[in-house]
Structures are given as structure tokens and as C-alpha cells.
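The block underneath contains the structure these notes are about, expressed in C-alpha cells.
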Amino acid sequence: MKKYIFMRILRSLVSIFLVTALTYTIIYTMVPRKLIFKQDPNYNKIATTKDKK
């Protein structure tokens with residue numbers, strides 16, 4: 001019985017890890033990195049002003 005419970009817990013942890021890893025992989029490969037903040041007005045405002053030193 002202990003082995004069964006241990007294996008169920010282990011399988012659930014592995015499946016949670018795999019689903020999370022697959023989700024992150026799919027999201028980060030499908031989102032174009034250069035266009036993420038293209039229509040964000042706050043990012044464009046910050047990107048166009050030079051740093052004051």
C-alpha cells in the first residue's frame with residue numbers, strides 16, 4: 001500500500017512538472033520577442049527617453 005501511494009504521488013509530481021514545462025515552452029516559443037511590447041505606451045515612452053546621469 002505504501003508503494004502504491006508513493007508511486008501515485010511521484011506520478012502526480014512528474015505530471016505537474018511536465019505540464020508546466022510544456023506550457024512555458026509553448027508560450028515562450030510562440031510569442032515573438034521583438035513584438036511583445038510594441039503597442040505598450042508606457043514601454044515606448046520609457047524606451048524613447050534617454051537615461052539621465
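Gain in length, R33 to V14, computed as 0.36 nm per residue apart minus the alpha-carbon separation, to one decimal in nm? List each step's numbers first, then the result.
Values: separation 19, 0.36 × 19 = 6.84 nm, distance 2.93 nm.
Between R33 and V14, full extension yields 3.9 nm more.
So how much slack lies between F6 and T49, counting 0.36 nm per residue of separation and subtracting their Cα-Cα distance, in nm?
That works out to 9.8 nm of additional length.
Helix 2-30: angle to the longest alpha-carbon principal axis of the chain, degrees 0 to 90, nearest 10?
Once rounded, the angle reads 20 degrees.
Compute the whole-percent fraction of alpha carbon pairs in the chain spaced more than 14 Å apart.
Beyond 14 Å sits 72 percent of the P(r) for the chain.
With a sphere of radius 14 Å drawn around the Cβ of K45, what net charge do the other residues whose Cβ falls strictly inside it have (Lys, Arg +1; Asp, Glu -1)?
Working: positive: K38, K50; negative: D40, D51.
Net charge in that neighbourhood comes out at 0.
Which value at 222 nm does the chain reach when only helices count, each DSSP H run of 4 or more adding -39,500 (n - 2.57), with the total divided by all residues and rounded to the nearest 500 deg cm²/dmol?
Mean residue ellipticity, 222 nm, calculated: -23500 deg cm²/dmol.
Any read-out appearing in this document is the output of simple, stated calculations on the displayed coordinates, not a laboratory observation. As the structure is a prediction and not an experimental result, all values here were calculated from the model. Heads up, the Cβs are rebuilt from the backbone with ideal geometry, glycines too, and the neighbour counts pull from every protein chain shown.
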